[in-house]
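Encoded as structure tokens, the structure appears first; notes follow it.
The values are calculated or read from the model by the stated rules, or taken from the named source; none is laboratory data. If you're wondering where the values come from, they're calculated on a predicted model, not measured in any experiment. For neighbour counting, all protein chains shown are included, and Cβ atoms are generated from backbone atoms with ideal geometry for every residue, glycine included. When the accessible area is computed, the model is the full protein with side chains, heavy atoms only, and any ligands, DNA or RNA have been set aside. Shrake-Rupley method; radii C 1.70, N 1.55, O 1.52, S 1.80 Å.
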Amino acid sequence: MKAEIAVVGSANLDLVVDVVQVPLVGETVLGGDLRRIPGGKGANQAVAAVRLGRRVAMIGRVGDDAAGHDLRTSLESDGIDTTHLLSTRGTPSGIAFIAVQSDGDNSIVVSPGANARLSVDDLIAAGPTLESAAVTLLQLEVPLDVVTAAARTAHGTVILNPAPAPPGGLPDTLLAHTDVLVPNQTELAALAGFDGPVDPSTAIGLARSLPCGSVVVTLGADGALVVDHTDVVHIRAPVVTPVDTTAAGDSFCGALADALFRGETLTAAAEWAVRVGAATTQRAGAQPSIPTPSEVEQLLG
Ligand code: RIB
């Protein structure tokens, strides 16, 4: 069966430690026991979309190690098509080192490993999947030339989550092939070359300065801004006390893809995505925290 949503992106093994506060430069802190959890922005977005009911294919690379085996098995157990999740000989899988603070915020360092070996040739091999998917989800934990090629190849709606934001901004060709850009405030500032705090009114101007379709700016606990060239809608988030914010942005993107696939307007899709993102903060870990539709309702009360 053809995938409704194609995800081109990373799969990482997350090595997670709970801390009271993430360390400052030069500081050592003691944390809790190490947890090993499937993650990676691409894989998390794929898991979000599939748990919301979509047929999803994942295009990416894992290493030929135990982590790669576990990441693949985990995606398959969620029902994700891994035909184009390639194994990379002699290369470690992507690993993310994550410290989660007691307020639920985190700091992440990613060692891309096999994710960095994803190539344009791999993408060409997966061309039919990208051409038939109604929505393609992209992020930036795989090489930029591959992400750009994916945006050009995709025939459906292209959603780009520019995370992590590259210091030099994004090529105009990639933005031109992006229908919906989904940055957080920090990523938006980096892409627009803005050096200062990004409050919602600044975000509107920065979003409109980018040569892409619509922009949905995620604002964490403040919800999201849907910005196009004529309108702005601020969607408020449900009030929650976060346990762990890891993958909240990823589940937001997966939910946006789900709702756009179902023919919702961008504003309605963002309303759904804000709820799914908020629900994701209510449980620990990346993929274990990503909810089904009924869990969204249970977790938000
Ligand atoms: O967005 C959260 C994800 O970022 C984690 O799962 C980690 O793997 C990094 O990619």
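Write down the percent of antiparallel bridges among all DSSP beta bridges whose residues are both part of the stretch 3-75, to the nearest 5. Just about 55 percent of them are antiparallel. Between Arg35 and Thr73, the distance separating the two model label sites (each 7 Å from Cα on the Cα→Cβ line) works out to 2.0 nm. Which one of Val135, Ser111, Leu219 is farthest out on the positive end of the charge dipole of the stretch 108-242, using unit charges on Cβ (Lys, Arg +1; Asp, Glu -1) and the Cα centre as origin? Farthest towards the positive pole: Leu219. Debye sum, Cα scatterers, the stretch 186-285, no solvent: what log₁₀ I/I(0) at q = 0.14, 0.16, 0.18, 0.23 1/Å? With no solvent term, the Cα-only Debye profile gives -0.52, -0.68, -0.85, -1.23.
Restricted to Cα atoms, the stretch 93-152 shows a radius of gyration and a Dmax of 14.9, 44 angstrom.
Selection among Ser251, Pro238, Gly63 by position relative to the dipole of the chain gives Gly63 as farthest towards the positive end (Cβ unit charges, Cα centre). Looking at the chain, the accessible area is 42 square angstrom per residue; that uses a 1.4 Å probe and ignores ligands, DNA and RNA.
Taking every protein chain into account, the 1.4 Å probe leaves Val226 with about 10 Å² of accessible area, to the nearest ten. The eigenvalues of the Cα gyration tensor, multiplied by 5 and square-rooted, give the chain an equivalent ellipsoid with semi-axes of 25, 24, 19 Å from largest to smallest. The modelled label-to-label distance between Val120 and Ile204, using points 7 Å beyond Cα along the C-beta direction, is 4.0 nm.
What separates the Cα centres of the stretch 160-187 and the stretch 83-138 is a distance of 16 Å. Of the beta bridges DSSP finds with both residues in the chain, what % are antiparallel, to the nearest 5? Antiparallel bridges: around 40 percent, rounded to the nearest 5.
Computed over protein heavy atoms with a 1.4 Å probe, the carbon and sulfur contribution to the accessible area of the stretch 1-146 reaches 54%.
Using alpha carbon centroids, what distance separates the stretch 246-293 and the stretch 7-43, in Å? The distance from the Cα centre of the stretch 246-293 to that of the stretch 7-43 comes to 21 Å.
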